[in-house]
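Let me begin by presenting the structure, written as structure tokens, before commenting on it.
Rule-based calculations on the coordinates, nothing more; no lab input. All figures in this text were calculated on a predicted structure; none of them were measured in a lab. When we count neighbours, we look across all protein chains shown, and the Cβ atoms used for this are built from the backbone with ideal geometry, even at glycine.
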Amino acid sequence: MLNFKKIDNNMTLINYEGSESMVTVPDMIDDCPVTAIGAKAFLSCKTVTELTLPPSVSHIGDWAFAHMKQLTRLTLAARSYTLGKDIFLDCPCLQEIVLTQDTSGNDALPRLLASTITLLKAPSLFRPEHAGSQEHHAAWMASYDEALLTFLAAPDDEGFQPVFYGWFNDEDAEATQRPAYIASRRKDKVVLAFLRLSQPLHLESHAHEVLSAFLRDEMFCRGADSLVWQIYLKEYVQDIRYAHMLLDCGCITPGLLPELLPELTEQNAEAAALFLKQSQEWSTEKDFFDDFAL
């Protein structure tokens, strides 16, 4: 059940009570437009995975969607909003923010926009009116890439603060929480690099090289045990675009192939064949230049 309050001939959604997984907020109630999502309207809602807001909404209050642990997809209009504090606080599963009336021409925009909340932790980039506008999208992407490169360059433990639960945990808080925090940040960096390189619209050459070098360095340090390879196998191995991307970034080398191919062959024969073909081309190039050796 969606509960509303009438304010100056407009409706504000006060709260949601229910157990549905998909919720759509109507644009009109009793002939009055729904213009606001009130503070804490969906706070700690545990069941909603997909939420759709009408274009009539222009204000989203404090903590409106905070602690929605299962929210994966939010749909709203590509318009300007007045936003309260921490509206997306602790929404770890948010994968897509879909904009209606989106004219950007960027198929990856829902994932990029969601990543500003979940991975980059850059709420200032939540500007649907710019992200979803053909006129302003390139500038928005430039701001996104600036934030991304800053995030990649930051120390992996930046922002870490241990949480103390009680006397028996206090001694271990720093020792156990810091490594977990660093591992999580490192994973977020790899996922963001994959996301941006796989959708290179408006990606400048400098940013492309920085992202590629980040993935290469990770691969060269640990090979098949690297986060790059493990995340690829878990999340992207079925999409051949990512295999091409790894080759284009220089992450796959002749020396690494024997280590990588056994796992890959079991999961995606097409990608394995692509890497083997590239290996044969490398071998042919080497033999060609060997003919000129003195």
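Listed by chain and number, the lysines whose C-alpha is less than 16 Å from the C-alpha of residue 187, apart from same-chain residues fewer than 8 away, are 121, 234. Within the same chain, lysines fewer than 8 places from residue 277 are excluded, and of the rest, those with a Cα less than 18 Å from its Cα are 286. Each residue of the stretch 1-138 gets 96 Å³ once the volume of the Cα convex hull is shared out per residue. Rounding to the nearest 10 and keeping the result within 0 to 90°, find how far the Cα-based axis of helix 257-267 lies from the longest principal axis of the chain. Helix 257-267 and the main axis of the chain meet at about 50 degrees. Which residues in the stretch 31-47 have a backbone N closer than 15 Å to a point placed 7 Å from the Cα of residue 5 along the Cα-to-Cβ line? Residues 35-43 qualify, since their backbone N sits under 15 Å from the label point.
Against the chain, whose longest principal axis is taken from its Cα atoms, helix 109-118 shows a tilt of about 80°. Taking the C-alpha atoms only, the angle from helix 269-290 to the longest principal axis of the chain is near 40 degrees. Length available on full extension from residue 83 to residue 96: 0.36 nm per residue minus the Cα-Cα distance, which gives 2.8 nm. Measuring between their Cα centroids, the stretch 136-153 and the stretch 74-88 lie 19 Å from each other.
Using 0.36 nm per residue and subtracting the Cα-Cα separation, the extra length available between residue 217 and residue 261 on full extension is 13.9 nm. In order along the stretch 81-89, the phi-based Karplus estimate (6.51 cos²θ - 1.76 cosθ + 1.60, θ = phi - 60°) of 3J(HN,Hα) comes to 9, 9, 10, x, 7, 6, 5, 10, 4 Hz; Gly and Pro are listed as x. Electrostatic tally near residue 44: other residues with Cβ closer than 10 Å to its Cβ, Lys and Arg +1, Asp and Glu -1, net +2. The HN-Hα couplings worked out from phi for the stretch 25-32 by the Karplus form 6.51 cos²θ - 1.76 cosθ + 1.60 (θ = phi - 60°) are 7, x, 8, 9, 9, 6, 6, 10 Hz, whole numbers, x standing for Gly and Pro.
By the scheme Lys and Arg +1, Asp and Glu -1, what is the net charge of all other residues having a beta-carbon under 12 Å from that of residue 154?
On the way: positive: 121, 185, 186, 189; negative: 156, 157, 158, 188.
Neighbour charge sum, excluding residue 154 itself: 0.
Spin-label model, residue 273 to residue 121: label points 7 Å out along the Cα-to-beta-carbon direction sit 4.4 nm apart.
Using 0.36 nm per residue and subtracting the Cα-Cα separation, the extra length available between residue 58 and residue 108 on full extension is 15.6 nm.
In the list (i) 1.21; (ii) 1.04; (iii) 0.95, the label attached to Cα Rg over 2.2 N^0.38 Å as derived from the coordinates here is (i). Any chance you could check the Cα centroid distance between the stretch 250-266 and the stretch 1-16 for me, in angstrom? Each part reduced to its Cα centre gives a spacing of 57 Å.
Between beta-carbons, use under 14 Å as the cut-off and find the net charge around residue 108, counting Lys and Arg +1, Asp and Glu -1.
Details: positive: 111, 196, 241; negative: 96, 102, 107, 145, 239.
Charge balance in the 14 Å sphere: -2.
The stretch 43-62 and the stretch 203-223 have Cα centres lying 37 Å from one another.
Stokes-Einstein diffusion for the stretch 174-294 at 20 °C, viscosity 1.002 mPa s, with a Kirkwood radius from C-alpha pairs, works out to 137 µm²/s.
Here's how it looks for residue 15: its modeled amide H is under 5 Å from those of 3, which are all 5 or more places away or on a different chain.
When 240, 37, 29 are arranged by Cβ crowding within 10 Å, least crowded first, meaning fewest neighbours, the order is 240, 29, 37.
Across the stretch 231-242, computed HN-Hα scalar couplings (Karplus, 6.51 cos²θ - 1.76 cosθ + 1.60, θ = phi - 60°) run 5, 4, 5, 7, 10, 10, 4, 7, 9, 4, 4, 6 Hz from first to last residue, x flagging Gly and Pro.
Taking 2.2 N^0.38 Å as the expected size of a compact globular protein, what ratio does the Cα radius of gyration of the stretch 94-247 give against it, to two decimals?
On the way: Rg = 17.2 Å, N = 154, 2.2 N^0.38 = 14.9 Å.
In units of the 2.2 N^0.38 Å rule of thumb, it is 1.15.
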